[in-house]
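Report on one structure; see the data block that follows.
The values are calculated or read from the model by the stated rules, or taken from the named source; none is laboratory data. Worth saying up front: this structure is predicted, and the values here are computed from it rather than measured. Neighbour counts are summed over all protein chains in view; Cβ atoms, including those assigned to glycine, are modelled from backbone coordinates with ideal geometry. When the accessible area is computed, the model is the full protein with side chains, heavy atoms only, and any ligands, DNA or RNA have been set aside. Shrake-Rupley method; radii C 1.70, N 1.55, O 1.52, S 1.80 Å.
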Amino acid sequence: MSKILVSQSITKEFNKKEQILKGISLGIEEETFTVILGPSGSGKSTLLNILSGLLKPTSGKVVYRGKELTLFTESQLADWKRNEVGYVFQNYMLLNNLTAEENIKIGISPNSTPLPFDRLTRILGIESILDKFPSEMSGGEQQRTAIARAVIKNPSILFCDEATGSLDESNSKKVVELLHSLKNIFGISVLFITHNLQIAETADRIITIKDGLLFEDIINHNPISASNMIWG
Amino acid sequence: MYLFKQITREIVRNKIFVFLLFLLSAFTSFMYFFVQFSIDGNMKMLKSLSVLSENQLLYQKALNSNVILSKNFLIVLIGLTSFVFAMFFYRFYKSNGKQIGCLRALGYKNRVLRSYFVSFTAILSLVGGLFGFVFGYFASDILINANKQSYNLAGLIKNIDLSSIIIGLLAPIVIFCIVTFFSYGFVGRMEVGNLLSGVNNKYGFSGILKFVNSFVKILPVKDKFPYRIAFRKPIAVLLIITAVMGFTVMFIMGYSLNRSSQKVFLSQTVGHRYMFDTHFTEFKIKDEEKDNSIYYLISDVVVKSQNGTEVEQQIIGIEQNDKILALQDRKGKLLNGIKKDKVYISPALNELYGFNIGDKIILTFSEKNYPVIIENIAINAKSKSIYISKEKLAEILNLPANVYNGILSIEEVLSDEGITTTYEQKIANLERDSVSNRNSAVINQIIGFIVGSILLYLALLINFQENKRDILILHLMGYKPKAIGTLLIDIYRPIIGMTFLLTLMPSIMIAQSVQKTLSIQTGDYMPFQISYLFIFVIFILLNMLYSLVKITFSREIKSIIKRENITHYTNTN
């Protein structure tokens with residue numbers, strides 16, 4: 001399988017003192033569900049932010065389908081985010097002044113063919129809340145809306161940063177299930193950051209980060225179904 | 001479209017701040033158009049006349065001064081409003097960093113986001129500017145009517161040039177948009193990941209905050225909390241400094257302009273004992289000595305100092321006669337006759353251009369230079385005039401010693417050739433001159449009051465909006481609204497007092513230098529005046545203004561406690 005994203009010797013320092021990442025190299029395959037696992041403070045969110053173009057590494061390269069992301073200009077990077085990738089954050093990051101429908105549609109890129117809106121909202125189970133504002137939705141509804149916003153543009157890769165971190169068990173399971181469905185139905189690669197081992201067990205590949213270093217990288221030959229996750 | 005909706009709604013959430021920005025934009029153009037509508041048409045009308053009456057000449061002089069004043073008002077108000085725009089956007093970006101980060105993560109470019117903010121500023125300042133234009137149009141009647149009465153002129157019109165519209169309407173919009181464009185740099189240069197996580201979210205005030213922490217450490221325990229809260233909002237503190245300085249400068253200038261008219265009036269009357277000043281266009285030969293008159297010679301001259309400053313003046317060659325004109329020095333001592341090769345100058349030359357007693361200066365007549373020494377400063381010298389002995393001036397002008405072209409006299413000079421200004425006419429002219437200064441004084445004080453009020457209100461508003469959570473927590477802990485007010489609002493009174501004391505000297509210096517510049521630009525000497533009593537009055541006024549603003553916020557504490565819920569502020573989203 002070809003690699004959609006490759007990182008080479010990524011390091012990241014903050015304030016020239018604290019080294020969060022100490023040289024991480026990895027590759028993410030197309031149309032896979034990859035989990036980056038690690039305890040709090042291990043640097044996994046920083047790694048995801050660098051891989052997704054939200055942060056620049058202090059040193060090292062990120063290559064997306066043969067193009068070096070780290071050399072992109074601000075404008076090229078914005079185009080790439082607009083057309084190729086989707087983000088799902090722990091705190092949903094919905095725009096508070098827009099309804100669910102507007103929040104989803106603001107994610108549509110003018111340069112790509114969007115996924116069918118009705119089908120997507122049906123899959124995500126949010127058809128009935130489209131006219132609600134974020135403040136009127138539950139956490140689960142907000143996260144499903146955020147997922148819809150991220151995937152409506154039909155991205156090649158979806159970056160999820162602790163996407164279930166603010167949700168209860170039932171909603172978390174639902175979200176993980178949905179992400180797997182989206183990968184299977186639309187062929188979207190998913191890179192999921194979590195510290196939850198149960199979610200990791202549903203992934204095709206599990207990368208573990210510890211103290212800013214790649215600790216373990218394993219292919220999960222027998223991923224469990226998201227619906228069978230045992231929360232604990 | 002959704003992006004526009006999101007950003008517009010987010011901005012409009014700060015409706016009070018936005019309204020104050022609108023008010024400031026409107027006020028900026030209002031002050032300009034209020035004055036300018038009374039200038040342009042009348043200036044054209046006066047220029048079209050081949051001969052101007054004495055009143056028309058005085059009115060033209062006042063209009064020229066007003067042109068400079070209206071531009072100065074515009075510059076000051078554009079500066080202040082730009083500052084408030086920058087503060088608004090700084091605060092907006094600080095509190096909406098995550099939302100902007102989210103939009104950038106969705107692929108919206110800095111260029112696109114920045115253009116929305118610039119468009120918002122353009123629209124707001126355009127609407128404000130148009131309001132200012134319309135209100136300025138109607139309000140200019142006040143100035144036109146005042147001028148009609150002061151100068152006894154009929155047919156004054158209200159009109160404006162296209163160039164004035166461009167200056168008053170477009171210049172502020174362009175400058176506010178430039179400020180907005182650059183203020184986006186607060187978030188534009190930050191990485192999206194940092195915006196989303198709130199990391200590195202110090203927005204450039206870390207040095208100030210470190211200083212504040214060290215300062216607060218030395219305070220008594222009971223004062224630590226409120227001072228820390230107040231000083232940790234550098235924007236509010238900056239606004240307070242600007243408000244206090246703006247208020248003080250404008251009021252000092254208002255006072256000084258008002259008092260300067262009286263001082264000029266006095267200087268032109270004390271020791272001027274003649275009742276008639278008759279000026280002849282042709283030189284005349286003095287054929288008799290009169291005890292109750294002074295025969296003088298008058299001519300235009302360019303005065304050049306040693307450092308190269310050149311000033312156009314009138315030079316008056318006089319004979320000594322204290323019964324008619326008793327020139328005095330700064331101590332009120334009579335000046336006893338001008339020595340040959342020496343001159344007396346007016347205080348304006350000393351204060352505005354730096355000419356001093358003992359300086360060697362060059363008098364230039366028709367490209368011929370004559371060096372003389374400044375013997376003294378005559379505080380009651382005629383405006384824009386220097387004095388020399390009549391004998392010396394006749395020598396310079398290559399005229400016989402008994403030639404004259406003016407008479408100051410107690411009795412009227414009966415002649416068809418001369419133009420006579422009576423004492424009553426002179427007083428009336430001086431009073432007309434002072435009208436313009438008094439109008440400027442009132443306008444200065446109005447600007448000072450309005451701008452001071454708006455900025456103080458904004459400072460407290462920022463403090464309030466950022467302290468809602470603290471208010472609710474203090475309420476949960478059993479603090480009553482009054483006690484919360486003491487902790488969070490009353491702290492600004494001593495800060496305002498301290499700011500007033502610390503900025504008093506710079507404010508006086510600014511007011512003095514602005515007035516000096518105005519005097520030079522308008523050619524109308526306005527001696528700077530200040531009094532200890534008035535400084536105290538400004539301090540009292542400032543405190544009264546603060547008390548007025550405070551009442552609004554004391555009520556607001558109660559409504560926040562009723563309206564808001566602490567859980568809203570504990571949500572991490």
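Summary of computed values
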| quantity | calculated |
| --- | --- |
| Förster-model FRET efficiency, 30 Å R0, A:Ser138 and A:Ser181, C-beta, rounded to 0.05 | 0.90 |
| Length-normalised contact order of segment B:1-201 in % [C-alpha pairs under 8 Å, at least 6 apart] | 41 percent |
| Reach of B:Lys368 by Cα under 20 Å, taken over aspartates and glutamates that are not fewer than 8 positions away in the same chain | B:Asp300, B:Glu310, B:Glu312, B:Asp341, B:Asp359, B:Glu391, B:Glu395 |
| Karplus (6.51, -1.76, 1.60) ³J(HN,Hα), θ = phi - 60°, over segment A:185-199, in Hz, Gly and Pro reported as x | 6, 9, x, 8, 6, 10, 10, 10, 9, 7, 10, 8, 5, 5, 5 |
| Relative packing of peptides A:201-209, A:113-121 - highest average C-beta neighbours within 10 Å first | A:201-209, A:113-121 |
| Ranked packing of B:321-332, A:40-51, B:476-487, most packed first, by mean Cβ within 10 Å | A:40-51, B:321-332, B:476-487 |
| Coordinate range along principal axes, alpha carbons of segment B:338-415, Å, largest first | 41, 27, 22 |
| 222 nm mean residue ellipticity, helices alone, for the protein assembly as shown (DSSP H n ≥ 4; -39,500 (n - 2.57); rounded to 500) | -17500 deg cm²/dmol |
| Rg to Rh quotient for segment B:276-411, alpha carbon positions, Kirkwood Rh | 0.95 |
| Interface residues, segment B:93-110 - accessible area loss of 10 Å² or more versus chain alone, probe 1.4 Å | B:Lys98, B:Gln99, B:Cys102, B:Leu103, B:Arg104, B:Ala105, B:Leu106, B:Gly107, B:Tyr108, B:Lys109, B:Asn110 |
| Other protein chain Cβ atoms within 10 Å, averaged over every residue that makes up A:42-50 | 2 |
| Using θ = phi - 60° and Karplus 6.51 cos²θ - 1.76 cosθ + 1.60, couplings along segment B:117-132 (whole Hz; Gly, Pro as x) | 5, 5, 4, 4, 4, 4, 5, 4, 6, 5, 4, x, x, 5, 4, x |
| When chain A is reduced to its Cα atoms, the Kirkwood hydrodynamic radius in Å | 17.9 Å |
| Overall dimensions of segment A:28-85 as given by Cα atoms, namely Rg and Dmax in Å | 12.2, 34 |
| Viscosity 0.692 mPa s, temperature 37 °C, Stokes-Einstein D of segment A:112-232 from Kirkwood C-alpha radius, µm²/s | 215 µm²/s |
| Minimum 50 Å² accessible area buried by the other protein chains, segment B:178-199 residues, probe 1.4 Å, relative to alone | B:Glu191, B:Leu196 |
| Cα-only Debye scattering, segment B:109-248: base-10 log of I(q)/I(0) at q = 0.16, 0.18 Å⁻¹ | -1.05, -1.15 |
| Cut-off under 5 Å, modelled amide H: who pairs with A:Phe33 long-range | A:Val190, A:Asp204, A:Arg205 |
| Hits among aspartates and glutamates - C-alpha to C-alpha of A:Lys210 under 20 Å, sequence gap 8 or more where chains match | A:Glu13, A:Glu18, A:Asp161, A:Glu162, A:Glu201 |
| FRET efficiency, 1/(1 + (r/R0)^6) with R0 22 Å, evaluated for B:Asp322 and B:Asp287 via beta carbons | 0.40 |
| Geometric extent, Cα atoms of the protein assembly as shown - Rg, Dmax (angstrom) | 37.4, 129 |
| Heavy-atom accessible area per residue - the protein assembly as shown, 1.4 Å, Å² | 45 Å² |
| Principal axis dimensions, segment B:50-150 - Cα atoms, whole angstrom, descending | 71, 25, 20 |
| Buried area at the B-A interface (accessible, heavy atoms, 1.4 Å probe, summed, Å²) | 2600 Å² |
| Kirkwood hydrodynamic radius of segment B:1-201, from inverse mean 1/r over distinct Cα pairs, in Å | 18.9 Å |
| 1.4 Å probe, heavy atoms, protein only - residues of segment A:95-110 losing at least 40 Å² accessible area vs chain alone | A:Leu95, A:Asn96, A:Asn97, A:Leu98, A:Glu102, A:Ile106 |
| Long-range tail of P(r) for segment B:365-456 (Cα pairs > 24 Å, %) | 53 percent |
| Reachable lysines, given that their alpha-carbon falls under 27 Å from the alpha-carbon of A:Lys174 and they are not under 8 places away in the same chain | A:Lys44, A:Lys81, A:Lys105, A:Lys132, A:Lys153, A:Lys183, B:Lys98 |
| Accessible surface ranking that places the most exposed of B:Ile560, B:Ile75, A:Ile224 first, with a 1.4 angstrom probe | B:Ile75, A:Ile224, B:Ile560 |
| Percent of Cα pairs exceeding the 39 Å cut-off, where the set is chain B | 44 percent |
| Using θ = phi - 60° and Karplus 6.51 cos²θ - 1.76 cosθ + 1.60, couplings along segment B:476-487 (whole Hz; Gly, Pro as x) | 4, 7, x, 6, 7, x, 5, 5, 5, x, 4, 6 |
| Probe 1.4 Å, all protein chains present, accessible-area order of B:Ser519, B:Ser415, largest first | B:Ser415, B:Ser519 |
| Calculated P(r) of segment B:24-89 - Cα pairs past 19 Å, % | 44 percent |
| Segment B:Arg9-B:Ala483, length gained on full extension (0.36 nm per residue, minus Cα span) | 167.2 nm |
| Mean separation of Cα contacts under 8 Å (6+ apart) over length of chain B, as relative contact order % | 18 percent |
| Shielding score for A:73-83, defined as the mean number of other chain Cβ atoms within 10 Å | 4 |
| Projected area averaged over orientations for segment B:220-293, convex hull of C-alpha atoms, nm² | 11.2 nm² |
| Fraction of accessible area attributable to carbon and sulfur, the protein assembly as shown (%, probe 1.4 Å) | 57 percent |
